[in-house]
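The values are calculated or read from the model by the stated rules, or taken from the named source; none is laboratory data. Because the structure is predicted, anything quoted here is derived from the model rather than measured. All Cβ positions, glycine included, derive from the backbone under ideal geometry; neighbour counts span all protein chains shown. Remember, those area values only see protein heavy atoms, side chains included, never the ligands or the DNA or RNA. Shrake-Rupley method; radii C 1.70, N 1.55, O 1.52, S 1.80 Å.
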Amino acid sequence: MDNEPAVAFEAATKAYGTVRALDDLHLTVPPGETVALLGRNGAGKSTAIGLLLGLDSPDSGRVRLLGDTPDRAVAAGRVGAMLQEGRPTPRVTVRELVSFVARTYPSPMPVTEALALAGLTELADRRVERLSGGQAQRVRFAVALVGNPELIVLDEPTTALDVEARQEFWDAMRGYARRGNTVLFSTHYLEEADAHADRIVVLDSGRLLADGTGEELKRAAGGSLVAFDLAGGPTEWLGTLPGVASVEIRGDRARLRTDDSDATVRALAARDAIRSLEVAPVSLNDAFLTLVHRTHERLELAK
Amino acid sequence: MITAYVRLEARRTLRETGFVISTVAVPVMMYLLFTNLGGSDGTDWKAAAMVGMAGYGALGAALSVGNAISEDRTTGWLRQLRITPMTPRQVVTGRALTGAVVVLPSIVAVLLAGALVNGVRMAAWQWVAVAVTLWLGSLPFTLLGIGNGYRLSAQTTGVVNVACNLGLAVVGGLWFPTVLFPSWLRTISEYTPTNRFAELGVAVTEGTAPGAAALAVVAVWAALFGVYAAVSYRRSARTV
């Protein structure tokens, strides 16, 4: 059992009408890993999580959770989850709600511990519907972890949180992961994925674009950004330079994303286009955009 | 697990001011008004009206389970329950049991008003038997509420439940005795679950055995509402 992956998508595909929300996804997460599912809105993150939790079933392919079907893993109390949508459940206190959820699991953690982990000790006797957005979000986190599950799934867990609450949330989550639990969370914040996950899985249009650490993603995207002043010069030729993956013009400044900065700079120098030349490694943000951009080009070609 | 769920949901329901007013305060008030205005109608009427109003309160409380379900679909609570180890079947069973709990205040309150204010006198076993009959007899209405709650949107459920509540109460003769109805309406009334449900309770207050026709009509409605609840639940429980 211990060798079973915590999460396994095997060629999972799901369409809603004509939209392919998830397209032939292969993904394996070993136990104990913290994985970020990164993508823009509509990239397929929530669909993937829905399939993972057995809220929906794939049109083809299959999804395994802790070596079992999602339904059975959920029924066995091995999974906890924090869903994205939903309003607070009215007319219950925080403690009543969390205690009830604890009772549905076979070996929950003490309720006071879950409340403390989620930073809710002070709010335990407040009605859930009277909490602020960030506080309600923490209640959902407490609900996800009180069952003491092996795998916790968080769908955009920090959307309603301010900066401070976000930091507290990640501290709590890391505490939970350190106990050897598997964490899978979705986000559209790159910094968040980079800072809190062992591994980043990038989704776009239902496809897996990249899978690796933040460093690996930067490398895969083609390490550098070359910028210089156009000084009123032409721009059409920039895309044809060696190594250049994409071109962006901001005012009089050109920003080239390149796989091979040496070749690009040499080509620019040959044309004497080196005013205020700057070469920098891409940020993860740029890496992400490059990956998305490249895939779209590849898809255009395939058509 | 189900016990914990029923406790949570019953608590949530009883904390709703609107629920307590419409299923406890209103039936008690209507009972006392209808039986004490316009001179004395005799103790038989006070006992029969007591059963009718307790039944009316229980009907409203049972249907309210449907309002709760559709609300929980909207807020995402049912979806959250799906990712706990509770199965959807346990959830719907828990809901039905919650119905059985939340009808009790209405029944007890109106019976108390009958005994303490209106001086209705019966043997101890009759009090118990009336309460139990009303309690068990409200199950079909819980099923009707569950069917509405799983099938309809939150707003529609509210409207449909109010229509069911008033329609079944008035036509079934829970408010006014059916002897006041024109004969065609009385005929319709005899086929309603509410009329027969009250008939069972009234039989107990009179110390007679309930009629076979009444039992049959209630059983048929219970089966119909049960199927309705099961079909609605199947259609939506996997997609909440």
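Sorting A:HIS26, A:HIS196, A:HIS188 by accessible area (1.4 Å probe), largest first, what list results?
Result, largest first: A:HIS26, A:HIS188, A:HIS196.
Residue by residue through B:16-29, how many Cβ atoms from other chains fall within 10 Å of the Cβ on average?
Taking all residues of B:16-29 together, the mean is 0.
For chain B, treating each Cα as an identical point scatterer without solvent, what Debye log10 I(q)/I(0) comes out at q = 0.07, 0.10, 0.13 1/Å?
Values, matching the q order: -0.23, -0.46, -0.75.
Taking the convex hull of the alpha carbon atoms in the range A:148-298, what volume per residue do you get, in Å³?
Hull volume normalised by residue count: 138 Å³.
Can you give the average number of partner chain beta-carbon atoms within 10 Å of each beta-carbon in peptide A:81-90, as a whole number?
5
For the ranges B:208-219, A:5-16, what's the packing order if you count other beta-carbon atoms within 10 Å of each residue, average per peptide, and put the highest first?
Ranked from most to least packed, the peptides come out as A:5-16, B:208-219.
By what distance, in whole Å, do the Cα atoms of the protein assembly as shown stretch along each of the three principal axes, largest value first?
112, 48, 41
What aspartates and glutamates sit close enough to A:LYS14 to cross-link, taking a C-alpha to C-alpha distance under 13 Å and skipping anything fewer than 8 places away on the same chain?
Correct list for A:LYS14: A:ASP23, A:ASP24, A:ASP56, A:ASP59.
Taking K and R as +1 and D and E as -1, what net charge do the other residues with C-beta under 11 Å from the C-beta of B:VAL202 add up to?
After counting each charged neighbour, the total is -2.
Within 10 Å of each Cβ in B:81-93, how many Cβ atoms from other chains are there, averaged over the peptide?
The shielding value for this peptide is 5.
Quick one: what Rg and Dmax do you get for the range B:10-145 from the alpha carbons, in Å?
Taking only Cα atoms of the range B:10-145, I get Rg and Dmax of 17.0, 59 Å.
Can you give the net charge of the other residues whose Cβ lies under 13 Å from the Cβ of B:GLN90, counting K and R as +1 and D and E as -1?
Once positives and negatives cancel, what remains is +3.
Per residue of the range A:84-90, what does 6.51 cos²θ - 1.76 cosθ + 1.60 with θ = phi - 60° give for ³J(HN,Hα)? Whole Hz please, x for Gly and Pro, Karplus curve as stated.
With coefficients 6.51, -1.76 and 1.60, one gets 7, 7, x, 9, x, 6, x Hz.
Round to the nearest 0.05 the FRET efficiency obtained for B:MET1 and B:ALA216 when R0 = 41 Å and r is the Cβ-Cβ distance.
0.70
Under 10 °C and 1.306 mPa s, how fast does the range A:240-303 diffuse according to Stokes-Einstein, given a Kirkwood radius computed over C-alpha pairs? Answer in µm²/s, whole number.
Estimated diffusion coefficient is 123 µm²/s.
Given a cut-off of 27 Å, what percent of all Cα-Cα pairs of the range A:1-134 lie beyond it?
Counting pairs separated by more than 27 Å, the tail of P(r) holds 33 percent.
Scaled to the compact-protein estimate 2.2 N^0.38 Å, what is the alpha-carbon radius of gyration of the range A:147-202, rounded to two decimal places?
Taking the Cα Rg and dividing by 2.2 N^0.38 Å, one obtains 1.08.
Quick one: if you take sqrt(5λ) for each eigenvalue of the C-alpha gyration tensor of the range B:115-227, what semi-axes come out, biggest first, whole angstrom?
Semi-axes (√(5λ), whole Å): 26, 17, 15.
Mind checking the dipole of the protein assembly as shown: about its Cα centre, +1 per Lys or Arg Cβ, -1 per Asp or Glu Cβ, Debye to the nearest 20?
In debye, rounded to 20, the protein assembly as shown gives about 1500.
Per residue, how big is the convex hull of chain A when only Cα atoms are used? Give it in Å³.
Value for chain A: 154 Å³ per residue.
Just going by the charge dipole of chain B, with Lys and Arg at +1 and Asp and Glu at -1 on Cβ, which of B:PHE181, B:LEU104, B:GLN126 is farthest out on the positive end?
So the residue we want is B:LEU104.
List the relative contact order of the range A:190-290 as a percent without decimals, with contacts defined as Cα pairs under 8 Å and 6+ residues apart.
Answer for the range A:190-290 is 31 percent.
Provide the packing ranking of A:179-187, B:178-186, i.e. peptides ordered by the mean count of other C-beta atoms within 10 Å per residue, highest first.
The most tightly packed comes first, giving A:179-187, B:178-186.
From the phi of every residue in the range A:14-29, what ³J(HN,Hα) in whole Hz does the Karplus formula 6.51 cos²θ - 1.76 cosθ + 1.60 yield, where θ is phi - 60° and glycine or proline is x?
9, 10, 10, x, 8, 8, 7, 6, 9, 10, 6, 7, 10, 7, 10, 10
Using only the Cα atoms of the range B:1-56, each taken as one equal point scatterer with no solvent, compute I(q) by the Debye sum, divide by I(0), and report log10 of the ratio at q = 0.12, 0.23 Å⁻¹.
Relative scattering, expressed as log10 I(q)/I(0), comes to -0.42, -0.85.
On a 0 to 90° scale, report how tilted helix B:2-14 is relative to the longest principal axis of chain B, with both axes built from alpha carbons and the result rounded to the nearest 10.
Computed tilt is about 60 degrees.
When a/c reaches 1.5 or more, the comparison of a/b and b/c decides; with that in mind, is the range A:185-259 rounded, prolate or oblate per its Cα gyration tensor?
It comes out prolate by the Cα gyration axes.
If the cut-off is 20 Å between C-alpha atoms, which aspartates and glutamates fall inside it for B:LYS46, apart from same-chain ones fewer than 8 positions away?
Leaving aside aspartates and glutamates fewer than 8 places away in the same chain, those within reach of B:LYS46 are B:GLU199, B:GLU206.
Could you compute the net charge surrounding B:LEU8? Neighbours are other residues with a C-beta less than 15 Å from the C-beta of B:LEU8; K and R count +1, D and E count -1.
Around B:LEU8, the charge tally is +3.
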